[in-house]
Amino acid sequence: MGSRSAARAGQGDSRPLADLASEIEDIIGVRLDEALLRHALTHRSYAYENGGVPNNERLEFLGDSVLGLVVTESLYADHPEMAEGQLAKLRAAVVNMRALAEVARTLDVGDHLLLGRGEETTGGRDKASILADTMEALIGTVYLAEGLGCARVFVHHLIDPLLASSTRLGAGLDWKTSLQELAASGGHGMPEYRVTEEGPDHEKTFTAHAVVAEEELGTGVGRSKKEAEQQAAHTAWTELTRRAEAVLETAATPAADVSGDAVGAGGGGSSSVGSGPVDTSPAA
């Protein structure tokens, strides 16, 4: 995908939409008018440089609501046993910038974006915030063109795999709590989050760094401080879990070797394996 995006950089209005139109048609069974798709793919930076043509921000606003409705009604119907708080965590796991950007990449949305020169030269085609916003605009376009039924089909096709994997995570959806519990069980103390922000007030991007025992173990980016911290906590939890599993594997290997040697020697002799505690703390 990256090479196609690079090859198309700077081509302006000449970017073909037929491939994207065909992919969406395969999903919803209807071919959208390419003029509608162009509107959904028009970033405000392109609109500003081209005489103020309509950008996709209103469609993004609409698509965000449609996405939220479809995901919420699906969770409500599929999980009657879940309390409101659990449902909200599941929804947040898929209705967020990182998840939507990944969905957009599966459709190669970045290849078809209409961007201004500044965004084009600074990697806007693969920028998570732009991809996520455009995905919402595309959902809004499907809703306007074909109604809620088609929009449901479109959203379910794209989001259901994420919903399934998020459901399997269970309590792990609250990554800050999960990281806190894991860090405490290892004697590492409370995690700390160091957050920075950039961008104008209406489009801030937050970057969070999860720090455990004075070591930075995870970084997350989001459109809110909470989203960035959750993503950083997820990364840090994954790293701490990996380290704990590595320690267990290392500790088990000598015991297996000694047992094998004893059998090979007919059980003769004796051997001892150190049983002292293993340091699983993050590296200083």
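What three numbers, in Å, describe the spread of the alpha carbons of the stretch 28-86 along their principal axes, ordered from the longest?
So the extents along the principal axes, rounded to whole Å, are 52, 29, 10.
Where only protein heavy atoms count, and the probe is 1.4 Å, what is the accessible area per residue for the stretch 1-157 in Å²?
I get 47 Å² per residue for this part.
Provide the gained length on full extension for the span H156 to E25, in nm with one decimal, where the gain is 0.36 nm per separating residue minus the Cα-Cα distance.
45.7 nm
Karplus couplings for the stretch 133-149 from phi (6.51 cos²θ - 1.76 cosθ + 1.60, θ = phi - 60°), rounded to Hz, Gly and Pro as x?
4, 5, 4, 5, 5, 5, 4, x, 5, 4, 4, 5, 6, 10, x, 5, x
Cβ under 12 Å from K204's Cβ, K204 left aside: what net charge do those residues give with Lys, Arg +1 and Asp, Glu -1? Please report the intermediate quantities before stating the final value.
Working: positive: R223, K225; negative: E197, E198, D201, E203, E227.
That works out to -3.
Could you tell me the distance between the Cα centroids of the stretch 65-132 and the stretch 38-64, to the nearest Å?
So the two Cα centres are separated by 17 Å.
Cross-link candidates for K204: which lysines have Cα within less than 16 Å, leaving aside residues fewer than 8 places away along the same chain?
Within the straight-line limit of under 16 Å, K204 reaches these lysines: K127, K225, K226.
Provide the gained length on full extension for the span D33 to R58, in nm with one decimal, where the gain is 0.36 nm per separating residue minus the Cα-Cα distance. Mind showing how you got there, number by number?
Values: separation 25, 0.36 × 25 = 9.00 nm, distance 1.81 nm.
That works out to 7.2 nm of additional length.
Hey, could you pull the Cα Rg and Dmax for the stretch 43-188, both in Å?
Cα-based Rg and Dmax for the stretch 43-188 come out at 17.7, 60 Å.
I need the per residue convex hull volume for the stretch 93-167, using only the alpha carbons, in cubic angstrom as a whole number.
Per residue, the Cα convex hull of the stretch 93-167 comes to 84 Å³.
Report, in debye and to the nearest 20, how large the dipole of the stretch 193-239 comes out about its Cα centre when Lys and Arg carry +1 and Asp and Glu carry -1 on their Cβ. Write out the running numbers ahead of the final one.
Numbers: 5 positive and 10 negative charges, 37 e Å.
The calculation lands at about 180 debye.
With a 1.4 Å probe and all protein chains left in place, how much of the accessible area of the stretch 78-203 comes from carbon and sulfur atoms, in whole percent?
On the way: 3160 of 5980 Å².
That fraction is 53 percent.
I need the peptides 186-192, 61-67, 232-238, 74-80 ranked by packing, meaning the mean over residues of other C-beta atoms within 10 angstrom, with the highest value on top.
Highest mean packing first, the order is 232-238, 61-67, 186-192, 74-80.
Which of T141, G85, F154 sits closest to the plus end of the dipole of the stretch 73-157, meaning its Cα is farthest towards the positive end, when Lys and Arg get +1 and Asp and Glu get -1 on the C-beta?
Value: G85.
The values are calculated or read from the model by the stated rules, or taken from the named source; none is laboratory data. Bear in mind that the values here come from a model prediction, so they are computed numbers and not experimental data. Every residue, glycine among them, receives a Cβ derived from its backbone with ideal geometry; neighbour counts consider all protein chains shown. Calculation scope for accessible area: heavy atoms of the full protein, side chains included, ligands and nucleic acids excluded. Shrake-Rupley method; radii C 1.70, N 1.55, O 1.52, S 1.80 Å.
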